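**Q** Input: one structure, supplied below.
Values quoted throughout were computed directly from the atomic coordinates according to the rules given, and no laboratory measurement underlies them. From a predicted model like this one, the values you see are computed outputs, not experimental measurements. Glycine gets a Cβ as well: all are built from the backbone with ideal geometry, and neighbour counts include every protein chain shown.
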Amino acid sequence: MNKSNIYQERRLALAKQICTKTGGGIAIVSTAPETARNRDSEFPYRHDSDFFYLTGFEEPGATLVMNISGTNTQLQLESHLFCRPKDAEREIWDGIRLGPEAAPEILGVEYAYSNHELDNKLGLLLADQDAVYIRLSESAETDRRLRHWMKQVRQQARSGINAPSELHDIESLIHEMRLFKDAHEIDIMRHAAQISARAHVRAMQICKPGMREYQLEAELLHEFRFSGAQSVAYNSIVAGGENACILHYRAGSKELRSGELCLIDAGCELDGYASDITRTFPVNGKFSGPQRALYDITLAAQEAAIAATKPDNSFMHPHEAALRVLTQGLLDEKLLKLSELGSLDNAIESGAYRRFYMHRTSHWLGMDVHDVGSYREPLAEVKNSSQEKPWRVLKPGMVLTIEPGLYIRPADDIDSAFWNIGIRIEDDALVNANGCELISRGVPVKADEIEALMKNA
């Protein structure tokens, strides 16, 4: 399939939803702006995910406008792309631009214009439309431009031209589509996970006491870029010793010491899609007794969550499965006191475990590392306004992480042998008809396998 056809099909699917909802209208999606890093430098540019999902276009300064009319059986869709014009002078400095002349053939859109024409063209495209689909309250600039476009149309009222009377948020429609990955997306995500797994293996193999956290981060970055990934999917966490108990710790300058654990939570971004893997391993290549005990509990919790990740289970089923194993393990190791709590169920219901496990077991994964899509059933009916909608039912094509953890900080009521042990194990799971496929298992996860890898490095 021509790559542009993938994006054409997505635009068509979005247009059908809009036709069903309001009988047509204008849909407007812009990409992300460039952002200054300091006085004379910008952050590396990263496109907006929704815009890229519909166009496959990575340049800044672009807007997609979809003109939708007809019915689902006789749908009429015109895609208008506004992008940066060709500019020989700027292209010397910043790189080659696609330009509106080449955009229709390359991107499969019907029309393309210079982005300088956006304000004038929108006044024409919005005329006599009933509905506008746009990101509502996205930014002050978006709101300002929408008011400007609407004012242009209203000023034509004496000519018999009407302005749209309905505004709809387009994000919920796109995000529902993005929640279910197609074959093209799954192929990219598998490849991204393979690259990230190799990076974790590389870090384990090279790790030794005396290294710094940032040196392991450098090994991750090397493998990402060497293997063709364009970027990290998020800031890499490389946390030695007590730093592993800080959930969003950034790789710093701490020396990795013998007898401590190192937690790495890192993944690359490939062709716009994220991977997300966490492994925890001993700096010296050998787990201590308390480290191994908590590691095996965490791994057993992940295995329970994996078994619960299957169609027709809810999004919360894997978390609940992991939570029971983790909490029982905390009771077994006397980090929670059965004499005080009375039972496993009481330990869970009281939230006593939250001292050592304070996050959920999963999140959606896709173009963004914490990907879009409702965690509750979007169309579910509730009996009253105070009742919550049920958790999302898992279905094939969804991708989520499975990442239980335990974090033991020093305290007077905690055996010092467990102090500063932070463990998290995370893999990326694709829900399929039979359960789920772990697409990130190219890196060892069992304690014996990790020790063997590090010993033979």
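**Q** Quick one: Cα centre-to-centre distance for the stretch 121-172 and the stretch 344-403, in angstrom?
**A** 36
**Q** While we're looking at this one, here's another question. Can you give the net charge of the other residues whose Cβ lies under 11 Å from the Cβ of A304, counting K and R as +1 and D and E as -1?
**A** Once all neighbours under 11 Å are counted, the net charge is -1.
**Q** If we sort 423-430, 145-152, 313-320 on the protection proxy, mean other Cβ atoms within 10 Å, highest first, what's the order?
**A** My ranking of the peptides, most packed first, is 423-430, 313-320, 145-152.
**Q** With Rg and the Kirkwood Rh both taken from Cα atoms, where does Rg over Rh land for the chain?
**A** Working: Rg = 25.4 Å, Rh = 24.6 Å.
Over the Cα atoms of the chain, Rg/Rh equals 1.03.
**Q** A follow-up question, please. Return the whole-Å distance between the Cα centroid of the stretch 195-253 and the Cα centroid of the stretch 284-312.
**A** 21
**Q** Which loop trypsin sites (Lys or Arg not before Pro) in the stretch 21-86, with loop taken from DSSP, have no more than 11 other Cβ atoms within 10 angstrom of their Cβ?
**A** R39
**Q** Using the Karplus curve 6.51 cos²θ - 1.76 cosθ + 1.60 with θ = phi - 60°, work out ³J(HN,Hα) for each residue of the stretch 108-116 in order, rounded to whole Hz, and write x for Gly and Pro.
**A** My calculation for the stretch 108-116 gives x, 9, 6, 9, 9, 9, 5, 5, 5 Hz in order.
**Q** Moving on to the next point. So what is log10(I(q)/I(0)) for the stretch 250-385 at q = 0.09, 0.16, 0.22 1/Å, when the Debye sum runs over its Cα atoms only?
**A** Relative scattering, expressed as log10 I(q)/I(0), comes to -0.38, -1.07, -1.36.
**Q** At 222 nm, what value in deg cm²/dmol follows for the chain if DSSP H runs of at least 4 each add -39500 (n - 2.57) and the sum is divided by all its residues, to the nearest 500?
**A** When only DSSP H runs of four or more count, the value is -11500 deg cm²/dmol.
**Q** Output needed for the stretch 200-245: three equivalent-ellipsoid semi-axes, defined as square roots of 5 times the C-alpha gyration tensor eigenvalues, in descending order, whole Å.
**A** 20, 13, 7
**Q** Oh, and also: If you place +1 on the Cβ of every Lys and Arg, -1 on the Cβ of every Asp and Glu, and leave all else neutral, what size is the dipole of the chain about its Cα centre, to the nearest 20 Debye? If you can, show how the numbers build up before the last one.
**A** Working: 51 positive and 66 negative charges, 50 e Å.
With Lys and Arg at +1 and Asp and Glu at -1, about 240 debye.
**Q** Between rounded, prolate and oblate, where does the stretch 1-41 land on the alpha carbon gyration tensor, with a ≥ b ≥ c its root eigenvalues, rounded for a/c under 1.5, else prolate if a/b exceeds b/c?
**A** oblate
**Q** So for the stretch 3-178, taking the charge dipole from beta-carbon charges (+1 Lys/Arg, -1 Asp/Glu), which of I92, T55, L77 sits furthest toward the positive end?
**A** About the Cα centre, the residue reaching furthest to the positive side is L77.
**Q** With viscosity set to 0.890 mPa s at 25 °C, what whole-number translational diffusion coefficient in µm²/s follows for the stretch 77-199 from Stokes-Einstein and a Kirkwood radius over Cα pairs?
**A** 138
**Q** In what order do L335, L167 fall by count of nearby beta-carbon atoms within 10 Å, going from fewest to most?
**A** Ascending number of Cβ neighbours within 10 Å: L167, L335.
**Q** From the residues I170, N38, S114, which one has its Cα farthest along the dipole of the stretch 3-178 in the positive direction, the dipole being from +1 and -1 charges on Cβ of Lys/Arg and Asp/Glu about the Cα centre?
**A** Of the candidates, I170 comes out farthest on the positive side.
**Q** Please list 48-57, 399-408 highest first by mean number of surrounding beta-carbon atoms within 10 Å per residue.
**A** The most tightly packed comes first, giving 399-408, 48-57.
**Q** With the convex hull built on the Cα atoms of the stretch 243-321, state its orientation-averaged projected area in nm².
**A** Values: hull surface 29.4 nm².
Computed as one quarter of the Cα hull surface, the answer is 7.3 nm².
**Q** Where q = 0.09, 0.16, 0.19 Å⁻¹, what log10 of I(q)/I(0) comes from the Debye formula for the stretch 3-178, counting one point per Cα?
**A** Results for the stretch 3-178 at q = 0.09, 0.16, 0.19 Å⁻¹ read -0.32, -1.00, -1.36.
**Q** Here is a follow-up. How far is helix 316-332 tilted, in degrees, relative to the longest principal axis of the Cα atoms in the chain, given as a value from 0 to 90 rounded to the nearest 10?
**A** Helix 316-332 sits at roughly 20 degrees to that axis.
**Q** Going down the list K121/K151; K208/K254; K334/K455; K21/K389, which pairs span over 20 Å between their C-alpha atoms?
**A** The pairs that break the limit, which is 20 Å between Cα atoms, are K334/K455; K21/K389.
**Q** Given the convex hull over the Cα atoms of the stretch 318-457, what projected area results after averaging over all orientations, in nm²?
**A** Working: hull surface 49.5 nm².
Mean orientational projected area (the stretch 318-457, Cα hull): 12.4 nm².
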